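The values are calculated or read from the model by the stated rules, or taken from the named source; none is laboratory data. Quantities reported herein were computed from a predicted structural model and do not represent experimental measurements. Note that we place each Cβ from the backbone using ideal geometry, even for glycine, and neighbour counts take in every protein chain shown.
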Amino acid sequence: MVSNAEFLNANILIVDDQDANVQLLEQLLHEAGYTRVTSTTNPSEVCSLHRKNQYDLILLDLQMPGMDGFQVMEGLKENAADDYLPVLVITAQPSHKLRALQAGAKDFISKPFDLIEVKTRIHNMLEVRLLYKKLEHYSKVLERTVEERTAELRESEARYRSLTELASDWYWEQDENMNFTRVSGPVLEMLGIQAPAGEPGSAQAAGWNEAERNVLQAKIAARQPFLDFAFSRTNADGSQETFRVSGEPMFNQSSRFIGYRGIGVKLTAKK
């Protein structure tokens, strides 16, 4: 919503080569409570004035010598800071109304003036313009917030990975289809997955405790977290290695499962 104070503080420019028309519109706007009203009788100044002041509304007469309102609108469009052209045209020629709208004007006021109509059209157009600016501002704030939040998440994820890699022997991530997207150490063997030759974890080793590994696979299939899950393998020389692994399922903001991540630690090896 647009507050009354925002309406009355809107930045308005009157463009008309006739002093009498300028004075009439200025008086009407001041009596209505608008506080930021300026004017010019020189249409060639409009583009530079708008670049400097970014008006919320330009009341533009179409019939002016030297440079008419259509030429002014073309100049404004070439120098516009955004896609919105805040022009309300003033014309005594009914045939010019459609052409003005096609040229980019948002509305029109007919001469001779109907003061109630003038105030209503100005109010309605300002409401649209001010809401457009609010939406544009909100979009920029939202974009900055998303960029900042994304940067924070990336930094947090980098810290998390750094800490987990320092605190563990192995780290892994899987997507929602349980394909490994990040692997460090013999994780694929530990989980009973044979990776294609040449990929991380492609070397297969025997001797894993199948009962323990089946329990771990069942937890993963059920998308359950597991903490310090212990299991072991027996090497060819008879030595036994013990491991602990922890993992958790990952979900997005919509609570949709997007994969797994976890760490593993090798404990002492025994003969």
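I need every pair where a residue in region 216-228 that is in a helix (DSSP H, G or I) has its Cβ under 8 Å from the Cβ of a residue that is surrounded by 10 or more Cβ atoms within 10 Å (Cβ to Cβ) and of a type in the set (A, V, I, L, M), sequence separation at least 6 or different chains.
Qualifying pairs under 8 Å: 216/190; 216/191; 216/245; 217/191; 220/178; 220/191.
Taking the options 85, 49, name whichever one is at negative phi, in a loop (DSSP other than H, G, I, E, B) and of a type outside the set (Phe, Trp, Tyr).
Numbers: 49 fails: in a loop (DSSP other than H, G, I, E, B).
Only one candidate qualifies: 85.
In this structure, does residue 202 turn out to be outside any strand (DSSP E or B), among the polar types (S, T, N, Q) and modelled with pLDDT of 85 or more? Show your work before the answer.
Values: outside any strand (DSSP E or B): yes; among the polar types (S, T, N, Q): yes; modelled with pLDDT of 85 or more: no.
It is false that residue 202 is outside any strand (DSSP E or B), among the polar types (S, T, N, Q) and modelled with pLDDT of 85 or more.
Take residue 196 and decide whether it is of a type outside the set (A, V, I, L, M) and at pLDDT 85 or above.
Criteria not met by residue 196.
I'm told residue 53 meets every condition in (1) within 34 Å of the chain's Cα centre (by Cα); (2) farther than 18 Å from residue 133 by Cα except one. Can you identify the failing condition by its number?
(2)
Out of the residues in region 168-184 that are among the polar types (S, T, N, Q) and either outside any strand (DSSP E or B) or at pLDDT 80 or above (or both), which is farthest from residue 157 (Cα to Cα)? Can you show your working first?
Let us first name the residues in region 168-184 that are among the polar types (S, T, N, Q), namely 168, 174, 177, 179, 181, 184.
Within this subset, residues satisfying the condition of being either outside any strand (DSSP E or B) or at pLDDT 80 or above (or both) are 168, 174, 177, 179, 181.
Values: 168: 16, 174: 15, 177: 21, 179: 20, 181: 15 Å.
Restricting to residues being among the polar types (S, T, N, Q) and either outside any strand (DSSP E or B) or at pLDDT 80 or above (or both), the top hit is 177.
Identify, please: which residue in region 223-269 is hydroxyl-bearing (Ser, Thr, Tyr) and surrounded by 12 or more Cβ atoms within 10 Å (Cβ to Cβ) and is, among those, nearest to residue 175 (Cα to Cα)?
Initially, region 223-269 is screened for residues hydroxyl-bearing (Ser, Thr, Tyr), giving 232, 234, 239, 242, 246, 254-255, 260, 268.
Then drop every residue that is not surrounded by 12 or more Cβ atoms within 10 Å (Cβ to Cβ), which leaves 232, 234, 239, 242, 246, 260.
On the way: 232: 26, 234: 30, 239: 34, 242: 27, 246: 17, 260: 7 Å.
The residue in question is 260.
Could you check, for region 91-104, whether at least one of its residues is assigned by TED's automatic domain parsing to the domain that holds residue 129, in a helix (DSSP H, G or I) and surrounded by 19 or more Cβ atoms within 10 Å (Cβ to Cβ)?
Pass one, region 91-104, residues assigned by TED's automatic domain parsing to the domain that holds residue 129: 91-104.
Next, from what is left, pick out any that are in a helix (DSSP H, G or I): 95-102.
From what's left, surrounded by 19 or more Cβ atoms within 10 Å (Cβ to Cβ): 96, 100.
Looking through region 91-104, at least one residue is assigned by TED's automatic domain parsing to the domain that holds residue 129, in a helix (DSSP H, G or I) and surrounded by 19 or more Cβ atoms within 10 Å (Cβ to Cβ).
Find the residue count for region 63-82, including only residues that are at pLDDT 90 or above, among the aliphatic types (A, V, I, L, M) and either within 39 Å of the chain's Cα centre (by Cα) or part of a helix (DSSP H, G or I) (or both).
Of the residues in region 63-82, 3 are at pLDDT 90 or above, among the aliphatic types (A, V, I, L, M) and either within 39 Å of the chain's Cα centre (by Cα) or part of a helix (DSSP H, G or I) (or both).
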